[in-house]
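Report on one structure; see the data block that follows.
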Amino acid sequence: MKNFNLYFFCVLALNFQIISGQVDKIADLVKQGIDHHDRGEFDQAIEIYQNALAIDENSSLANYEIAYTYLSNNQYELAEKYSKRVLDLKNGNLLEGYIAYGNSLDLQGKNKKAIQAYEEGLKTFDNYLLHYNLAMAHYNSENYDKASESAINAILNNSSHASSHLILSKIMVNKNVRIKAMLPLYFFLMIEPNSERAGIEYKNLRNYLAYGVTQKDNNNVDITVPMNGDVDFGAAEMMISLLKASENLEKNEGKSDMELFADNNHKLFKILGELKKENTGFWWDFYVTFFYDMAKENLTTPYSYYISLSKGQEVLDWLDKNSNDFERFSGWLTE
């Protein structure tokens, strides 16, 4: 009996060593594959992941990474296959698997299945990326009410995720509600002020501020207020247009474009804060409260220059000359 126990122990130890070696080898191959993926060498990464799967086809890590690389390489059917494998295995990388599976379905036009995948994932993971991708799927199907609900859930889950604010803005553009398109952009640009897409969205924000205001001549300005039926911010629409029109008043002569932008932002945030009163809900409690608090601390000017980084040297020069103001703004953000 003792000899049998010794034999069993030796076999068990040997099997453990083999399995441990396989795990280490797969981990090493996956690391190599990720390095190739990060360099954009997708074919090489896929080949290495296939080598890892030849060792263990049930490795959830290798299945996820090959799915992600197929997704990045626009090979959506294969991304669907391997990400679904991750979900079926149920032994790791499930959150990432749901996201990759939903993405691969949505990018094939399988919108309903993508929504089902994200919703299934949310039963286990209350994660901002699942909420965000669900918002994207609803947005792509032009279901803007459900898209906005999911985008707001993503923001409440992780307010520092820039893309969640951006998609919420785009949803509101499609719903034709200007202020609700602007507020998420203000927040997005604070998180991501100097990227390629920030330059595009900064111009969009400035266009929203100027919407409906036409300078006819030196003395006359036409103002058209959008009638969108927004129950939250309908009263503020005229005020925004008046702020833009007031740039031509004598008291504003000599001010630079950036100075006028900062002034208008400050006035807008104060107006919205004063309108809040007893109003509650996401828009009032999250965006309006945040920007009103900023305005009350007289931090709107450094904020306005910071979100304008995509404009280039003029903004950099101001931030350099007014570093104390910017440090005060940064300190307030981290309180």
Original post:
What fraction, in whole percent, of alpha-carbon pairs in segment 249-335 exceed 22 Å separation?
Top reply: 33 percent
Original post:
Tell me, what ³J(HN,Hα) does each residue in segment 164-174 have, in order and in whole Hz, if you take phi through Karplus 6.51 cos²θ - 1.76 cosθ + 1.60 with θ = phi - 60° and put x for Gly and Pro?
Top reply: 5, 5, 5, 5, 5, 4, 5, 4, 5, 4, 5
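Net charge near ALA52: determine it from the other residues with C-beta under 12 Å of the C-beta of ALA52, scoring Lys and Arg +1 and Asp and Glu -1.
On the way: positive: LYS25, LYS31; negative: ASP24, ASP28, GLU47, ASP56, GLU57, GLU65.
So the environment of ALA52 carries a net charge of -4.
Fewest to most neighbouring Cβ within 10 Å: what's the order for LEU156, LEU166? Don't skip to the answer; put the middle values down first.
Values: LEU156 13, LEU166 22.
Final ranking by Cβ density, sparse to dense: LEU156, LEU166.
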Subject >> Total formal charge among the other residues, if their Cβ is under 11 angstrom from that of GLU41, Lys/Arg +1 and Asp/Glu -1 >> reply: -3
Original post:
Got a sec to turn the phi values of segment 137-154 into Karplus ³J(HN,Hα) couplings, 6.51 cos²θ - 1.76 cosθ + 1.60 with θ = phi - 60°, whole Hz, x for Gly and Pro?
Top reply: 5, 5, 4, 5, 8, 6, 9, 6, 5, 5, 5, 5, 4, 5, 5, 5, 4, 5
Original post:
Listed highest first by mean packing, meaning other Cβ atoms within 10 Å per residue, what order do 257-263, 45-51 come in?
Top reply: 45-51, 257-263
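Provide ARG197, ARG39 in ascending order of the number of other Cβ atoms located within 10 Å of each residue's Cβ, fewest first.
Details: ARG197 13, ARG39 10.
Going from sparsest to densest Cβ surroundings: ARG39, ARG197.
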Subject >> Straight-distance crosslink candidates among aspartates and glutamates, where the alpha carbon sits under 18 Å from LYS311 and sequence neighbours closer than 8 are dropped >> reply: GLU192, GLU196, GLU201, ASP257, GLU259, ASP263, ASP320
Original post:
Too long at a 20 Å Cα-Cα cut-off: which of LYS123/LYS180; LYS112/LYS180; LYS146/LYS175?
Top reply: LYS123/LYS180; LYS112/LYS180
Original post:
So what are the ³J(HN,Hα) numbers for segment 268-275, from phi and the Karplus equation (6.51, -1.76, 1.60; θ = phi - 60°), rounded to whole Hz, Gly and Pro as x?
Top reply: 4, 5, 5, 4, 5, x, 6, 6
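So between MET258 and GLN116, what do we pick up on full extension, going 0.36 nm a residue minus the alpha carbon distance?
Details: separation 142, 0.36 × 142 = 51.12 nm, distance 4.59 nm.
46.5 nm is the gain from fully extending MET258 to GLN116.
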Original post:
lysines within cross-link reach of LYS81: Cα-Cα under 16 Å, excluding same-chain residues under 8 positions apart?
Top reply: LYS90, LYS110, LYS113
Subject >> Span from the segment 67-146 Cα centroid across to the segment 256-335 one, whole angstrom >> reply: 36 Å
**OP:** Treat each spin label as a single point 7 Å out from the Cα along the C-beta direction, and report the ASP317 to MET239 distance in nm.
**Re:** 3.4 nm
Original post:
What are the residues whose amide H is under 5 Å from the amide H of GLN108, where those residues sit 5 or more places off or on another chain and H is modelled from the backbone?
Top reply: none
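Since every read-out is calculated from the coordinates, none of them should be taken as a lab result. Values in this document were obtained by computation on a predicted structure and should not be read as measured data. Counting neighbours? That spans all protein chains shown, and the Cβs are built from the backbone with ideal geometry, glycine included.
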